[in-house]
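Working notes, beginning with the structure itself.
The values are calculated or read from the model by the stated rules, or taken from the named source; none is laboratory data. Everything quoted here is computed from the prediction, not taken from an experiment. Reconstructed Cβ throughout: ideal geometry from the backbone, glycine too, with neighbour counts over all protein chains shown.
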Amino acid sequence: MFDWLKGLMGVGAGASTSSAERPLREAAGKTIDEEDHGWRRLSGDGRRDLSPMTQHRMREISYYLWRANPLGNRCIELPLAYMLAEGVKLTCDDPEAQGWLTAWWRDPINAMDTQLPKMLRELALYGEQCWPVFVNEISGHCRLGYLDPADIAEVVRDPDNARMVIGIVTARDGKGRYRKYRTVVAGRDEELFTERTCAIRAEFSDGECFYASVNDLQNGNGHGDLLPLSDWIDSYDQYLWSDLERIGDTRSYVWDVTLAGATPEEVDARAKRITPPRPGSVRVHNDRESWAAVSPDLRAADTAQTGRLYRNHVLGGSTIPEHWFGGGGDVNRATGDSMSDPTFKVFAMRQQCAAVLLVQMGTYVVTRRYAAQHGRSLDPEESAWHVRCEFPEMVARDITRYAGALQQVTSAAASGISEGVMSKDLGIRLIAAIAERMGVSVDLDSERDALAAAAEKEADLIAGRPQL
């Protein structure tokens, strides 16, 4: 009665229960996914590892994605175009200083009109830039050099204040030589740094340089804008190529021939004689043979939505709206304008970083020229020598809504002043607030003085007093 149980356990029927039993082993196996097994992150050195990203590897990836990938290229070029497409100017109230700035800007070596986009492009790609500066000791004229980020061996920080970069050490050349540049700071070393830091900066005797970094912390090196997006941009690129191959597969087909009631031998014999029909040819057969063109059904309807998901993940990471990259979605003009607000905020923040850098360069140019021309240091409190950086509006303002608001606020302010419930000062401030939204800067003190002068003139006319 237990024969079925013995058979299940590997004991032959009729064998004694004392005979050696075969061991019972549980089934085991492992699934191998060839594609997953060989997959490697674009930003990693191993397979799906989390090894630290080196600066060298980051620069290589950023340059490759900017050069070869349309999505990676737009993530860099769009902010650059909004910031610089209309030009940039350095201005100063003093005519002599303005002439120095213009000469520096238009110098054939500096060529800031053409070099500035490249400088900011590489800053966004590599996360850091270093420009050695060379000064004519007689005239004080300055020219900018360029240090390849790959040649930056060490960014030296103030040991007493890690947020301050005090010097740059270059990589050694083929003969073991290297250079040590002292970073430009606004002020005298002995007023800004401790005695220990001043001693360290004194060792950087190969000249001065400007250093800038983005996407960094107060005590870390900069990283390129494409670093957190690199794997996703590469995945999107691979997805598009695989989908392109998939489209080719969906357009392929095979001829399926059915031989009704044929034996295997008859099928083999027919297969040896059959040939695919040429376009426009005629195929004649009896009712035992049927032909049908069969194409694969690869379920490609959802590829557009998946591609949009990948693309929007990258664009969202760079704060670029979908409709800026050819994807309209459900966007109309009203939602499109509101969706662009965060983008312009991010662009404005990068623009502010560029403005600070250019003001620092312009101030250095003016101070060095002043010292060479006048034989003494420039007084930093002289406001006429202060350098300003002027960027154009990144986008044209829609002033139609503000124009209506200005009319209403002006009427309300005039009514409030005439009724005695509002002061003229408050009315001016309300009108100025709307005017500034339209891009018009209002000096409240100047407006008060102008109103007072107009009121005094009117009073003189009424009283018949002579006008000066």
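Pairs under 6 Å by beta carbon, first residue on the phi > 0 side of the Ramachandran plot in the stretch 128-146, partner crowded, with 18+ Cβ neighbours inside 10 Å and of a type outside the set (Gly, Ala, Ser), six or more apart or different chains?
Listed pairs, sorted by first residue: 140/368; 140/369.
Could you please find all residues in the stretch 403-446 being farther than 25 Å from residue 393 by Cα and charged (D, E, K, R)?
The answer is 419, 424, 425, 445.
Regarding the stretch 259-277, can at least one residue be identified that is part of a strand (DSSP E or B), surrounded by 10 or more Cβ atoms within 10 Å (Cβ to Cβ) and hydrophobic (A, V, I, L, M, F, W, C)?
Yes, the stretch 259-277 contains a residue that is part of a strand (DSSP E or B), surrounded by 10 or more Cβ atoms within 10 Å (Cβ to Cβ) and hydrophobic (A, V, I, L, M, F, W, C).
Which members of the stretch 89-111 meet the condition of being of a type in the set (A, V, I, L, M) and surrounded by 20 or more Cβ atoms within 10 Å (Cβ to Cβ)?
Of everything in the stretch 89-111, those that are of a type in the set (A, V, I, L, M) and surrounded by 20 or more Cβ atoms within 10 Å (Cβ to Cβ) turn out to be 90, 97, 101.
Yes or no: the stretch 54-61 includes at least one residue that is at pLDDT below 90, touching an Asp or Glu at 6+ places or on another chain (Cβ under 8 Å), surrounded by fewer than 14 Cβ atoms within 10 Å (Cβ to Cβ) and of a type in the set (S, T, N, Q).
no
Going through 190, 195 one at a time, which residue ends up being loosely packed, with under 11 Cβ neighbours inside 10 Å, in contact with a helix residue (DSSP H, G or I) (Cβ under 8 Å, 6 or more places away or on another chain) and not hydroxyl-bearing (Ser, Thr, Tyr)? Spell out the reasoning first.
Values: 195 fails: in contact with a helix residue (DSSP H, G or I) (Cβ under 8 Å, 6 or more places away or on another chain).
That would be 190, the only listed residue that is loosely packed, with under 11 Cβ neighbours inside 10 Å, in contact with a helix residue (DSSP H, G or I) (Cβ under 8 Å, 6 or more places away or on another chain) and not hydroxyl-bearing (Ser, Thr, Tyr).
Tell me, yes or no, whether the stretch 360-370 has at least one residue that is more than 16 Å from residue 133 (Cα to Cα), surrounded by 12 or more Cβ atoms within 10 Å (Cβ to Cβ) and assigned by TED's automatic domain parsing to the domain that holds residue 137. Let's see the steps before the verdict.
If we filter the stretch 360-370 for residues that are more than 16 Å from residue 133 (Cα to Cα), which is where we start, we get 370.
Restricting the remaining residues to those that are surrounded by 12 or more Cβ atoms within 10 Å (Cβ to Cβ) gives 370.
Filter once more, so that each one left must be assigned by TED's automatic domain parsing to the domain that holds residue 137: 370.
Yes: one or more hits.
Regarding residue 390, is this residue within 30 Å of residue 140 (Cα to Cα) and modelled with pLDDT under 80? Don't jump to the end; show me each part of the working.
Details: within 30 Å of residue 140 (Cα to Cα): yes; modelled with pLDDT under 80: no.
The answer is no for residue 390.
Within the stretch 237-249, is even one residue closer than 29 Å to residue 289 by Cα and either outside the structural domain of residue 351 (by TED's automatic domain parsing) or surrounded by 13 or more Cβ atoms within 10 Å (Cβ to Cβ) (or both)? Even if it seems obvious, please write down each step before you answer.
Within the stretch 237-249, the first condition is being closer than 29 Å to residue 289 by Cα, and the residues that meet it are 249.
Those left that are additionally either outside the structural domain of residue 351 (by TED's automatic domain parsing) or surrounded by 13 or more Cβ atoms within 10 Å (Cβ to Cβ) (or both): 249.
Scanning the stretch 237-249 turns up at least one residue that is closer than 29 Å to residue 289 by Cα and either outside the structural domain of residue 351 (by TED's automatic domain parsing) or surrounded by 13 or more Cβ atoms within 10 Å (Cβ to Cβ) (or both).
Just the residues that are under 17 Å from the mean Cα position of the chain (by Cα) and among the charged types (D, E, K, R), please, taken from the stretch 226-246.
Result: 231, 234.
Please indicate, with yes or no, whether at least one residue in the stretch 100-110 is out of contact with any Pro (no Cβ under 8 Å at 6 or more places or on another chain), closer than 17 Å to residue 354 by Cα, in contact (Cβ under 8 Å) with a residue 60 or more places away in the chain and not in a loop (DSSP other than H, G, I, E, B). I'd like the intermediate steps shown before the answer.
Narrowing the stretch 100-110 to residues out of contact with any Pro (no Cβ under 8 Å at 6 or more places or on another chain): 100-110.
Then drop every residue that is not closer than 17 Å to residue 354 by Cα, which leaves 101, 105, 110.
Now narrow it down to the ones that are in contact (Cβ under 8 Å) with a residue 60 or more places away in the chain: 101.
From what's left, not in a loop (DSSP other than H, G, I, E, B): 101.
So far as the stretch 100-110 goes, yes, one or more of its residues are out of contact with any Pro (no Cβ under 8 Å at 6 or more places or on another chain), closer than 17 Å to residue 354 by Cα, in contact (Cβ under 8 Å) with a residue 60 or more places away in the chain and not in a loop (DSSP other than H, G, I, E, B).
Only one of 172, 179, 157 is touching a residue at least 60 places away in the same chain (Cβ under 8 Å), of a type in the set (D, E, K, R) and over 21 Å from residue 363 (Cα atoms); which?
On the way: 172 fails: touching a residue at least 60 places away in the same chain (Cβ under 8 Å); 179 fails: touching a residue at least 60 places away in the same chain (Cβ under 8 Å).
Only one candidate qualifies: 157.
Any residue at all in the stretch 285-302 that is in a helix (DSSP H, G or I), modelled with pLDDT of 75 or more and of a type outside the set (Lys, Arg)?
Taking the stretch 285-302 as the starting set, the residues that turn out to be in a helix (DSSP H, G or I) are 300-302.
Retained after the next criterion (residues that are modelled with pLDDT of 75 or more): none.
Among the residues of the stretch 285-302, not one is in a helix (DSSP H, G or I), modelled with pLDDT of 75 or more and of a type outside the set (Lys, Arg), which makes the answer no.
Answer with yes or no whether residue 131 is of a type in the set (Phe, Trp, Tyr) and either over 13 Å from the mean Cα position of the chain (by Cα) or not assigned by TED's automatic domain parsing to the domain that holds residue 156 (or both). Outline the logic, then answer.
Values: of a type in the set (Phe, Trp, Tyr): yes; either over 13 Å from the mean Cα position of the chain (by Cα) or not assigned by TED's automatic domain parsing to the domain that holds residue 156 (or both): yes.
It is true that residue 131 is of a type in the set (Phe, Trp, Tyr) and either over 13 Å from the mean Cα position of the chain (by Cα) or not assigned by TED's automatic domain parsing to the domain that holds residue 156 (or both).
May I ask you to list the residues in the stretch 137-153 that are modelled with pLDDT under 90 and closer than 24 Å to residue 192 by Cα?
none
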